[in-house]
1. Which ones in the stretch A:187-236 are part of a helix (DSSP H, G or I), over 30 Å from A:TYR328 (Cα atoms) and open to solvent by less than 40 Å² (accessible area, probe 1.4 Å)?
2. Would you be able to say whether some residue in the stretch B:354-362 is among the small types (Gly, Ala, Ser), open to solvent by less than 10 Å² (accessible area, probe 1.4 Å) and outside any helix (DSSP H, G or I)?
3. For the stretch A:237-271, give me the residue count where each residue is under 19 Å from A:LEU143 (Cβ atoms) and either within 13 Å of chain B (Cβ to nearest Cβ) or open to solvent by 10 Å² or more (accessible area, probe 1.4 Å) (or both).
4. Taking the stretch B:157-174, which residues are over 12 Å from the mean Cα position of the chain (by Cα) and not in a loop (DSSP other than H, G, I, E, B)?
5. Looking at the stretch B:288-305, I want the residues that are open to solvent by 10 Å² or more (accessible area, probe 1.4 Å) and have a partner that is small (Gly, Ala, Ser) with Cβ atoms under 7 Å, at least 6 apart or on another chain. Which pairs are those?
6. Return the only residue of A:LEU23, A:LEU37, A:LEU29, A:LEU57 being within 23 Å of the chain's Cα centre (by Cα) and closer than 17 Å to A:TYR114 by Cα.
7. Residue by residue through the stretch A:250-297, note down the ones that are within 30 Å of A:GLY357 (Cβ to Cβ) and not in a helix (DSSP H, G or I).
8. In this structure, is B:SER99 within 14 Å of another protein chain (Cβ to nearest Cβ), in contact (Cβ under 8 Å) with a residue 40 or more places away in the chain and either outside any helix (DSSP H, G or I) or under 18 Å from the mean Cα position of the chain (by Cα) (or both)?
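The values are calculated or read from the model by the stated rules, or taken from the named source; none is laboratory data. Quick caveat: nothing in here was measured; it's all calculated off a predicted structure. Backbone-built Cβ (ideal geometry, glycine too); neighbour counts: all protein chains shown. Keep in mind that these areas ignore ligands, DNA and RNA; they rest on the heavy atoms of the full protein, side chains included. Shrake-Rupley method; radii C 1.70, N 1.55, O 1.52, S 1.80 Å.
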Amino acid sequence: MALSDIIRDNINSLNYFLPELLLTGLVLLMIIADLLLKKERSPWMSIIALIGSGVVLFAIINQYELGSRSIFNNMLAVDEFSIFFKLLFLATTILVIFLSIASVELSGRSVGEYFTLLMILTLGLFLMASATHMITIFIAIELVSIISFALVTYLKTRRRSSEAGLKYAIYGAFSSGLMLYGISILYGLTGTLNIYEIGEVLAGRDTNSLALLISVLLIMAGFGYKIASVPFHFWSPDVYEGAPTPITAFLSIGPKAAGFAVIIRFFNVALSNYDGVAEQWLALSNINWPQIIAVIAAATMTLGNLVAIAQDNVKRLLAYSSIAHAGYALLGVVVLSSQGVYATLFYLVVYYFMNLGAFFVVIIFQDIIGSEKIDDFKGLASRAPIPAIAMGVFLFSLTGLPPTAGFIGKFYLFAALIKAGPEFYWLAIVGLLNSVVALYYYARILKAMFFDKISEGVSPEPLKISPYYVTLLAVLGIPTILVGLYWAPLANLASHSVHFLPTF
Amino acid sequence: MITNAILILLLPLFAFVVQIFIGKRLPRQGDWLPTGAIICSFLLALPIFFDALSNYEAGHVVVQQSWEWLRFGNLEITFGIYVDNLTSIMLIVVTLISSLVHIYSIGYMQGDERYSRYFAYLCLFSFAMLGLVLVDNFFGIYCFWELVGLGSYLLIGFWFEKKSASDASKKAFITNRVGDVGMFAGIMIIFSTLGVFGFTDVFTKIADGGLSGTMLTVTGILIFFGAIGKSAQFPLHVWLPDAMEGPTPVSALIHAATMVAAGVYMVGRTFVIYTEDALLFIAIIGTITAFMAATIAIVQKDIKRVLAYSTISQLGYMMVGLGTGGYTAGLFHLTTHAFFKALLFLGSGSVIHAVHSQDMDDMGGLRKKMPITFWTFLIGTLALSGVPPFSGFWSKDAILASALEFGMNHSAYMWIFVAMLLSAGITAFYMFRLIFMTFTGQAKDQKKFDHAHESPFTMTLPLVVLAVLSVGTIWWGWIEHLLAKPELATYATVAVGAVEHSAEHGNAHLAHTIALFSSIAVAGSGILLAAVVYHWKKISAEAWGSKLKPVYNLLWNKYYFDEMYEATVIRATLWKSRIFAAFDVKIIDGFVNGIATVTSKFASLQGAIDRVGVDGMVNGVARVVGVFSNRLRTIQTGKIQTYILMALFAVLILFVLQQF
C-alpha cells in the first residue's frame, strides 16, 4: 500500500474515531481543569466528567448511523459489537462516578486525578473493544492495566490498598509478559499481527499445532488475567478487597467485560471460520480451543463459588462471586454460535446491574457502619430496610432466581450450551451445580441481614439512608427486576450486537 | 386510545405499589390514592366506551396493539392489549363498580386497624381484573386470572384473625385452583397444537382447521373448567358462600360484580372456540347451578349467604345464556347483574353496618330507620326478581328466550328452559323473603333495632348510583348492538353448530313472546308466595319446614356438598400428603441434607486449602524464604511469587491436558 493511501485512510478514519477523540479531549481538559481549580473536594471535576461522558455517549450512539468499518489501516474496528461494549463501559463509568461522589472512603483525597484516571481507563476499554490487531490489543490491555494499578492504590495511606496495587502490578506484568511471548510465537507462525490475516493464514495452511497451542495458552494468560478466570485470578480477591470499593465495582465489570470483548473477537476471528448460513463458527482443526475454554470456564465457576463459601468479608465474597460469574459468561463463548455470543453479551449487561448494585449496597453499609464483615451485617434489614431489600434483589439475581434479570441471563447461557449438543452437557451440569452452591453463600448474607438478631452492643436505631443512595439503588434495582419480566428490548440489542466485522 | 387503555391498567397498579409500601404514612392512611386512581381509570374508560358505542357494528376493535414479550429461538410470545365492544363494556362495569366500592369502603371500613392495607388489596384486585379484560392472549388471561384469585384470597381472608375467614380464603383459593388446572391444560393444548397464544391468532387458526372435532370440544371444556372454578359453577361452587367472610364491599366488588363474572367474560371472549357439544356442556352445568343454588337460597338465614347463593344461581343463568347460543343474552345479564347485585351487596352491607349482625332473625322493620337503603335495596330486588321495567327483567328474559329457542330446536333439552323458568320463580320468592324478613314487620331484636341508623353519605351515594343503573330503560336500544355475537360463520368448526341456522328465526320470535309472559308470571307468583308466607303470614314457614323435613335438611345442608368433599377429596388429599410428607422428611430431606453436608465439608476443605494451602504455603514460603534471606521483605514478595508460580503451573496443566 502506498504511503498516501495509508495517510488517506488514517484521515478518513478520524470521523469514526470520534468517541475516543472526544474522550482524549475530555482527559486533557480535566487535567487542566484540575490544575486551575485546585480546590480539595471540588464537585466540578465530577461534573465535568459527567458532562463529558454525556457528550461521548451521543458520539457513540451516532456511530450506529455511520455503519461498520475497519479504521486506521485495520488496527481498530467500528461495528455493532464494539459499539455495544462502548455503551456498556460508558454506563459503567457514569455509574461509578456517581458511586464515587457518594463514597466516604474517597473523601479527604483530591479527586481531580481520580476522575481523570477513570476517564483514561474508559478510553483503554474502548480500544480493547474495537482492537483488531495484536499490537492494539496489547496496548489497550496495558493502558487499562496500568491505570487500574494507579486507581487501586489510590488510598495511599491505607496499607491494604497499596499492597493490592503492588500485587496487581506485578501480576499484571507477569501475565503481559506471557501474552507478549504468545503473540510473538503467533507472529512467527503466521507472519502477521492482524487478527483477520492470522485467521486466513491459519485456515489456509497446516501450522505446527504444538506451537500454536503454546501460543494460544500464553495469549489466554493475558486475556484470562483481565477477566479474572482461573488460573489467572489470584490477584483479584486481594485487589478487590484492598481497592476503594467504587474501583472494585468498576474493575469487576469494566475490564472484565472488555476482556470478554477481546476474547470473543480474537478467538472467533483468528481461530475459527465463520459459517454465515448456520450462524455458527467452526474452530480451526489443528487446535481445539473451545475445549480449553470449557475447562477454564468449569474451573473458574467451581473455584470461585467454593471459595466464596468460606469468606466472611462481603467484599471478598463478592470478589470470588465475580470470578464465578466470569466462568458463567465464558459458557457462551465455548459454543461458538451467535446464540452463545448473544447470551454472553446479554449476561454482561445483566451482570452490570446486579453486580454494581451489590457492590453499591456494600459501599452504603461500609460508609455507615464501617465494616464489610458478614457478622456486622446482622439485623441490618430492620435498621435499613431499603438497601437490605435491594441487596436481596441483587443477590437473588446473582444466584439466578426468577423473576430477576440474572435468571434470564443464565437461562440464555444454558440454552445456548444445551443447543450446541451433547459435547458440552457436562459443562451445563457443572454450571447448574455451581448455581446451587452459589445460592448457599448469597443466602448467608441475606440470612445475616434479615433473620439474625442484631449483635449485642450495637444500637438497633434505624440508619439514615440519604435519598441520593436510594435513587442510585432504584436505578440499579428496578432494571434488575424489570429485565427479569420484560427482556425483549435488551435481548434485541444483544442479538443485534453479535455482528462484528466478519472480514476487512 | 391506546394510552387510555394502558393508563387504565397502570394507574391502579401504581396506586397499589405506593399504598402497600407507604400507605400508612400518607394522610388519611392513603385511602384517597387508590380511590382516586380507580376513578381516573373510570374517566379514562369513558372515551373508549363511547368510541365503541358510536361504531357498534359487530367486530369493531377500538384498540389492538401488542409487544414482543419474550423470544426463545423461533418461539415468540407477545403481550398486548385488545379492546373491542365487549372489553369496553367490561371496562365500564369494572371501573365504575370498583370506584363505587372504593368510595363506599371509606365509610364501611372506617377505623379498621388495617385500613390502608385494605385499600391496597382492593386496588391490586382492580388492577388484575382490568388486566384480565384488556389482555389479548390466553397466556395473559391466565396470568391475570391467577392474580385476580390472589386478590380475592387476600380480601376474603382480610380479617384473618377469625378462623372462619382464613379458612374461607384458603377454600376459595384451593377450589379455584382445581378449575384452573383444567384451564391451564386447555391453554397448553391450544399452544402445543397451534403455537400461538393471541386470541385473534388462535381464532384464525381454528377457523383454518388447525384444531377441530373432538379435540376442540375437549379443549373448550377444559378452558371452561377455569370458568367453573372462578364463576362458582356446579360442582366447584362451594367456595363462594364461604367467601362472604370477607368485608361486605369486597363481596360486592369481587364476589358479585367482577371476579365471578370473569368466567362468563372468558367464555364470551373465547366464544368462537366452543363446539356445539362444548356449548351444550356449558348450558347443562349452568342449568344445574342455577336451579340448585336457587333452592338453597330459600332456607338461608344469613343475609349475605342468600345473596351469595343468588349470585351462583345468576351466574348459572349467564352460562345457560351462552351455552344455548345466546351470546348477547348471557353477557347482557352479566352487565345488568353486576350493577344490581353490587347494589344488593352494598345494601346488605349498610344493613349489617347498622345492626352489627348478618342474621335475618335479628332484623325486621328496618324500613323506617334506613329509608335510602330500603328503597335502593328494593329496586335491586325487583331487578333481580325479573320485574319489568328493571334491568334484570330484560336480561333474564333474553336468557329464557334463548333457552326456549334452544329447547324448541332440540326437544330433548326442553328441560333446560323449564328448570330456568322454575328457578326464576324461586329467585323472586327468596328475594322477597329477604325483604320481608329484613325491612318490614316487627323488629325481632329490639336492642339492635334501637341502635340501627342510616349509613353515612359515602355509603348511600353508591347505592343511589347503582339503583339508577338498575332501571332497565337505560339499557334499551344499544346494549344488544354493542354485545352482538361474533360472526361465527367465519369459523368453520363452529358454523355447523345448530344455533346459527337462519331457518330458526321464526322460532326466535315465538320464543321471545312466550318467555316474556311466562317470566312475568313466575316472578309475580314468586313474589306473591313470599308475601303470603312472610308478610301476611297466612302460611307458616316453620310448619312447612318440619313437614318437609328431609327436603329442608337437604337444602339447609346445601346438598351436603361440603361433607361430600370433606369425606372424599379432602380426606384423600390429606392422606396422600401425609404419605408424601413422610417420604419428603425421610428420603428427600435426608438426601438434601446429605448433599448439604458434603458441600459444606467440601467448602470448608476448599477454605482450608485456601487458608492452610495457599495462605499456609504463602506463609510457609515466606518463612522458608525468610530463613534464607532478608526477613523484612518476605511477606509481600512471598505471596505474589506463589501466585505466579501457581498460575504457571496451571498453564502447564492445561497444556498437558490438551496433549491427551
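1. Result: A:LEU189, A:THR190, A:VAL201.
2. Within the stretch B:354-362 (the criterion being among the small types (Gly, Ala, Ser), open to solvent by less than 10 Å² (accessible area, probe 1.4 Å) and outside any helix (DSSP H, G or I)), the answer is no, since none of the residues qualifies.
3. Looking only at that region, the number is 1.
4. Correct list: B:LYS163, B:SER164, B:ALA165, B:SER166, B:ASP167, B:ALA168, B:SER169, B:LYS170, B:LYS171, B:ILE174.
5. B:PHE291/B:ALA419; B:PHE291/B:SER423
6. A:LEU23
7. Hits for the stretch A:250-297 are A:SER252, A:ILE253.
8. It is false that B:SER99 is within 14 Å of another protein chain (Cβ to nearest Cβ), in contact (Cβ under 8 Å) with a residue 40 or more places away in the chain and either outside any helix (DSSP H, G or I) or under 18 Å from the mean Cα position of the chain (by Cα) (or both).
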